[in-house]
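Asks: For reference, the structure I am asking about is given below.
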Amino acid sequence: MDWAAVLEDKSLQNLPYKIETNRYGQIVMSPASNRHGIYQSRIVGHLLRLGGTGEVITECSVETDDGVKVADVAWASAEFMERNAAFIAYPEAPEVCVEIVTPSNSRIEMHEKRELYFQRGANEVWLCDLNGTMTFYGCDGVLTRSSLFPEFPAQV
């Protein structure tokens, strides 16, 4: 199933789950809690304050080698948006992709998602854990703070 078909399928609308696909076109769903939504809102608020001319995107769909992955929050520069605004799922990852880790996420899954976003051009991938602690990653590994948003807090 391609991403356009997923978006058009009436039976998949208004589900209390985050929907992604895998490389086989199968739908993968993850439940989200209220805490997840609170952290998502806090991250968006900080990025809106710090983001300059870029766009802050929630539920940002990115085509990867393992299907469509949906970053909980992303930040995209004006240049990125100019290149990608017309796509249903972006063929490249925005500069910053943020995942809020849930109890159903494994370390392997989060590592694989980071790598998929980096393969598609992300500069940084951030993880927010169950306590709101942020971990920032660049292509070469863990960063002490975001290089794109050095004022972003370590705790949201």
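The values are calculated or read from the model by the stated rules, or taken from the named source; none is laboratory data. All of these numbers come straight from a predicted model, not from anything done at the bench. Please note: Cβ atoms are built from the backbone with ideal geometry, for glycine as well, and neighbour counts cover all protein chains shown.
Asks: What pairs come out if I take residues in the stretch 79-106 that are more than 18 Å from V44 (Cα to Cα) and pair them with residues that are basic (K, R) whose C-beta lies under 6 Å away, six or more apart or interchain?
Replies: E92/R120
Asks: With respect to the numbered conditions (1) in contact with a Pro (Cβ under 9 Å, 6 or more places away or on another chain); (2) without any contact (Cβ under 8 Å) to a residue 60 or more places away in the chain, which one is the sole condition not fulfilled by D72?
Replies: (1)
Asks: Which count do you get for residues in the stretch 104-122 that are in a loop (DSSP other than H, G, I, E, B) and touching a strand residue (DSSP E or B) at 6+ places or on another chain (Cβ under 9 Å)?
Replies: Looking only at that region, the number is 4.
Asks: Name the residue, out of S77, S106, S61, that is surrounded by fewer than 23 Cβ atoms within 10 Å (Cβ to Cβ), under 22 Å from R35 (Cα atoms), of a type outside the set (A, V, I, L, M) and more than 12 Å from the chain's Cα centre (by Cα).
Replies: S106
Asks: Can you name the condition, by its number, that L47 falls short on among (1) more than 19 Å from R145 (Cα to Cα); (2) assigned to a helix (DSSP H, G or I)?
Replies: L47 satisfies all of (1) more than 19 Å from R145 (Cα to Cα); (2) assigned to a helix (DSSP H, G or I) except (1).
Asks: So S41 clears everything in (1) over 28 Å from G25 (Cβ atoms); (2) of a type in the set (G, A, S); (3) not in a helix (DSSP H, G or I) except one condition, right? Which one?
Replies: (3) is the only condition that S41 fails.
Asks: Please pick out the residue among E115, E124 that is touching an Asp or Glu at 6+ places or on another chain (Cβ under 8 Å), free of Cβ contacts under 8 Å to residues at least 60 places away in the same chain, among the acidic types (D, E) and surrounded by 15 or more Cβ atoms within 10 Å (Cβ to Cβ).
Replies: E124
Asks: So, one more: Among the residues that make up the stretch 95-103, is at least one of them over 19 Å from T58 (Cβ atoms) and exposed (fewer than 13 other Cβ atoms within 10 Å of the Cβ)?
Replies: Yes.
Asks: Sticking with this structure for a sec: Is it fair to say I88 is outside any helix (DSSP H, G or I) and surrounded by fewer than 19 Cβ atoms within 10 Å (Cβ to Cβ)?
Replies: yes
Asks: If you go through the stretch 93-111 one residue at a time, do you hit one that is at pLDDT 95 or above and more than 23 Å from V156 (Cβ to Cβ)?
Replies: Within the stretch 93-111 (the criterion being at pLDDT 95 or above and more than 23 Å from V156 (Cβ to Cβ)), the answer is no, since none of the residues qualifies.
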